[in-house]
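**Student:** Have a look at this one.
The values are calculated or read from the model by the stated rules, or taken from the named source; none is laboratory data. Because the structure is a prediction, the values reported are computed rather than measured. For neighbour counting, all protein chains shown are included, and Cβ atoms are generated from backbone atoms with ideal geometry for every residue, glycine included. Surface areas here come from the heavy atoms of the whole protein model, side chains and all, with no ligands, DNA or RNA. Shrake-Rupley method; radii C 1.70, N 1.55, O 1.52, S 1.80 Å.
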Amino acid sequence: MNRFERFGRHLVPAVFAGVTIGAAAAPKSAAIDETAYRSHIARLASDEFEGRKPGTEGETRTLDYLESQFRALGLKPGNRTSYLQEVPMVEITAAPDAALKITTGAESVDLRFRQDMVIWTKREKPEEAMEGSPLVFVGYGVSAPESGWDDYEGVDMRGKTAVILVNDPGFATGDASLFRGRAMTYYGRWTYKFEEAARRGATGALIVHQTDPAGYGWDTVVNSWSTPQLDNATADGNAGRVAIEGWITEAAAGRLFEANGLSFADAVKRANTRGFRAEPMGSTASASLHNTIRRTRSHNVVAVLPGTKRPHEYLVYMAHWDHLGRKPDCTGDCIFNGAVDNATGTSGVLTIAKAFTSARVTPERSIVFLAVTLEESGLLGSAYYVDHPLFPLAQTVAAFNMDAMHFGGPTRDVTVVNIGASQLETYLADAARAQGRVLRPEPTPEKGTFFRSDHFNFAKRGVPALYIKGGIDDREHGEAWRQKYLADFTAQKYHKLGDEYFPEADLRAGVEDLSLLYAVGARLAGEKTFPNWNADSEFRAARDQSRGKAPK
Ligand SMILES: [Zn+2]
């Protein structure tokens, strides 16, 4: 059943007319096979796949399904003779005897695990410790050359422990000229804070939790970090990370600053001011951890359609295949089917692959179809891919990520997460115009959505990446109706048992978005251009560097 039969062409003439006529290079949306899209979602979100949890029978079935679909489309394996890329993992669980002591002069204070602090190590060691590491308040711990901002300037962090604020000065001050104002930047994410502290050679890194700039309460920190931590296994056992990572509560930070004769609030104000310099404190930190270490593995699935003229230049369509598996301690229907998150995106990759393989003209550039694992565990499959790329990142023109394509009807708009970041948006805007749609910013840029799905790992390595979400201005029901629909999904279904497929699910919005992404990729596949990040983007420097070394 196609959507013309189901809904009648007259209902939304602008969409179909726009797509059918199209901009010169825009392919018809007929290229996207809704029936195929629907059958993939129905299968992947069925109980047979057991919630697609890495390391379970659900993984085996998902890999088999994706591989057989790629093979049936005539796509080549992306990893020499294999469609699979093994992702080695390590799971580290810190024992509850984790200890962190702050010493100021003759005074020592033991912070309580879970109540005052959570600490861990990413290093693959059965125990880790630091002794008397001098604390340095590094503000937001940001080093942003494109903004002329370096919190670490002039300080040698070796052997020391950074005390770091969460988010960035733009959020704190609301000053739009600083780090895009309240919109979250890469520099605001906790991941960045730990990475930068490691680059500076610090021994420890402690982030001060504050609910408003973090976007979540202390409970979330405790629940996320005092449980087993899954991470990519690396050749050096993550020796490049700082020894001790962690969070402390705002109250604990307040006492620390007080012990140094300082006010935490005043320190935050200084950190919000351009020209701030890291401030050594008169306190030291000692910590110890005991870990249980378990090694495991999962898999990315990769296929490629070789380009006819420039096969060594690539466009990547990606989505995470993994989800949450079964709910523990549960009776009845206990499978997290993850229909929207992310059977839709995974099915989108397969459906776009079908569009490319059934197009009249084979693309000039190669098209890579990538289903990554362990997104739900912290974007680990995509992190592994960019560390071990099967196609050179410098030659990867763009990455398009599909994560949670909501059910619903067509819209007048399309949401671009982190809008204003790259030149890819020009292509997107053209293709959207051909559908009678306009681009719009995400409604809550302070949530840092851009940093919470797999394209972000590509962006960090400089690859221009687009992350769109369906529109909000519903053509039939309007904007308020769609806002409520999305809010209800988040409250009632997101990462819950209710995220299920049902045969009446309206897939027109998804088909419209897939058409859009297909149009952008099909156009780029016929060009020689390498669209870049915009000059003020935190990802621009990485791209310029990698393209600088790439063969021309
Ligand atoms: Zn997802």
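**Student:** Mind checking whether some residue in region 175-194 is out of contact with any helix residue (DSSP H, G or I) (no Cβ under 9 Å at 6 or more places or on another chain), within 28 Å of residue 385 (Cα to Cα) and open to solvent by 20 Å² or more (accessible area, probe 1.4 Å)?
**Tutor:** Start the filter on region 175-194 by keeping residues that are out of contact with any helix residue (DSSP H, G or I) (no Cβ under 9 Å at 6 or more places or on another chain), which leaves 194.
From the residues that got through so far, the ones that are within 28 Å of residue 385 (Cα to Cα) too are 194.
Next cut, open to solvent by 20 Å² or more (accessible area, probe 1.4 Å) only: none.
Checked against the condition, which is being out of contact with any helix residue (DSSP H, G or I) (no Cβ under 9 Å at 6 or more places or on another chain), within 28 Å of residue 385 (Cα to Cα) and open to solvent by 20 Å² or more (accessible area, probe 1.4 Å), region 175-194 yields no hits at all.
**Student:** Moving to a separate point now. Determine if region 392-411 includes at least one residue that is touching a strand residue (DSSP E or B) at 6+ places or on another chain (Cβ under 7 Å), of a type in the set (S, T, N, Q), over 23 Å from residue 530 (Cβ atoms) and buried (at least 22 other Cβ atoms within 10 Å of the Cβ).
**Tutor:** Yes, region 392-411 has at least one match.
**Student:** If you go through region 528-537 one residue at a time, do you hit one that is farther than 22 Å from residue 308 by Cα, of a type in the set (Phe, Trp, Tyr) and modelled with pLDDT of 95 or more?
**Tutor:** Filtering region 528-537 for residues farther than 22 Å from residue 308 by Cα gives 532-537.
When the remaining residues are screened for being of a type in the set (Phe, Trp, Tyr), the result is 533.
Pick out the ones that are also modelled with pLDDT of 95 or more and you get 533.
Yes: region 528-537 contains one or more residues that are farther than 22 Å from residue 308 by Cα, of a type in the set (Phe, Trp, Tyr) and modelled with pLDDT of 95 or more.
**Student:** Could you pull out every one of the strands (runs of 3 or more DSSP E) wholly within region 344-441 that has 1 or more residues that are closer than 27 Å to residue 39 by Cβ and within 16 Å of the ligand (Cβ to nearest atom)?
**Tutor:** 365-372, 396-401, 413-416
**Student:** Tally the residues that are among the hydrophobic types (A, V, I, L, M, F, W, C), modelled with pLDDT of 95 or more and over 26 Å from the mean Cα position of the chain (by Cα), restricting the search to region 67-97. Break it down into steps so the answer makes sense when it comes.
**Tutor:** Here is the first cut: in region 67-97, the residues among the hydrophobic types (A, V, I, L, M, F, W, C) are 70, 72-73, 75, 84, 87, 89-90, 92, 94-95.
Restricting the remaining residues to those that are modelled with pLDDT of 95 or more gives 70, 72-73, 75, 84, 87.
Those still in the list that are over 26 Å from the mean Cα position of the chain (by Cα) too: 72-73, 75.
Number of matching residues: 3.
**Student:** When residue 440 is evaluated against the numbered criteria (1) under 30 Å from residue 79 (Cβ atoms); (2) open to solvent by 10 Å² or more (accessible area, probe 1.4 Å), which criterion, by number, is the only one it fails?
**Tutor:** All conditions pass for residue 440, except number (1).
Here is a yes/no grid of residues against (1) free of Cβ contacts under 8 Å to residues at least 60 places away in the same chain; (2) crowded, with 20+ Cβ neighbours inside 10 Å:
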{"site": "86", "(1), (2)": "no, no"}
{"site": "98", "(1), (2)": "no, yes"}
{"site": "110", "(1), (2)": "yes, no"}
{"site": "136", "(1), (2)": "no, yes"}
{"site": "140", "(1), (2)": "no, yes"}
{"site": "155", "(1), (2)": "no, no"}
{"site": "159", "(1), (2)": "yes, no"}
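**Student:** Could you list, in sequence order, all residues of region 33-66 that are touching a residue at least 12 places away in the same chain (Cβ under 8 Å), under 20 Å from residue 326 (Cα atoms), part of a helix (DSSP H, G or I) and not hydrophobic (A, V, I, L, M, F, W, C)? So that I can check it myself, show each step before the final result.
**Tutor:** Looking only at region 33-66, we keep the residues that are touching a residue at least 12 places away in the same chain (Cβ under 8 Å), and these are 33-38, 40-56, 58-59, 61-63, 65-66.
Within this subset, residues satisfying the condition of being under 20 Å from residue 326 (Cα atoms) are 41-56, 58-59, 61-63, 65.
Checking which are part of a helix (DSSP H, G or I) leaves us with 41-44, 47-49, 58-59, 61-63, 65.
Across region 33-66, the qualifying residues are 43, 47, 48, 58, 59, 61, 62, 65.
**Student:** Would region 505-517 turn up any residue that is within 30 Å of residue 433 (Cβ to Cβ) and in contact with a strand residue (DSSP E or B) (Cβ under 6 Å, 6 or more places away or on another chain)? Explain how you work it out, then say what you get.
**Tutor:** To start, the set of residues in region 505-517 that are within 30 Å of residue 433 (Cβ to Cβ) comprises 505-517.
When the remaining residues are screened for being in contact with a strand residue (DSSP E or B) (Cβ under 6 Å, 6 or more places away or on another chain), the result is 517.
So far as region 505-517 goes, yes, one or more of its residues are within 30 Å of residue 433 (Cβ to Cβ) and in contact with a strand residue (DSSP E or B) (Cβ under 6 Å, 6 or more places away or on another chain).
**Student:** Among the listed residues 379, 370, identify the single one that is under 27 Å from residue 212 (Cα atoms) and touching a residue at least 60 places away in the same chain (Cβ under 8 Å).
**Tutor:** None of the others qualify; the one that does is 379.
**Student:** Any idea which of 120, 190 is touching a residue at least 60 places away in the same chain (Cβ under 8 Å) and not acidic (Asp, Glu)? Walk me through it before giving the result.
**Tutor:** Numbers: 190 fails: touching a residue at least 60 places away in the same chain (Cβ under 8 Å).
Checking each option against the conditions leaves just 120.
**Student:** Select from region 308-343 the residues that are closer than 19 Å to residue 67 by Cα and hydrophobic (A, V, I, L, M, F, W, C) and write down the one among them that is farthest from the ligand (Cβ to nearest atom). Explain how you work it out, then say what you get.
**Tutor:** Filtering region 308-343 down to residues closer than 19 Å to residue 67 by Cα leaves 316-323, 342-343.
Remaining after also requiring hydrophobic (A, V, I, L, M, F, W, C): 316, 318-319, 321, 343.
On the way: 316: 17, 318: 12, 319: 8, 321: 10, 343: 10 Å.
This residue is 316.
**Student:** Pull up region 443-465, narrow it to residues that are within 14 Å of the chain's Cα centre (by Cα), of a type in the set (S, T, N, Q) and modelled with pLDDT under 95, then point me to the one that is surrounded by the most Cβ atoms within 10 Å (Cβ to Cβ).
**Tutor:** Once the filter is applied, the top-ranked residue is 453.
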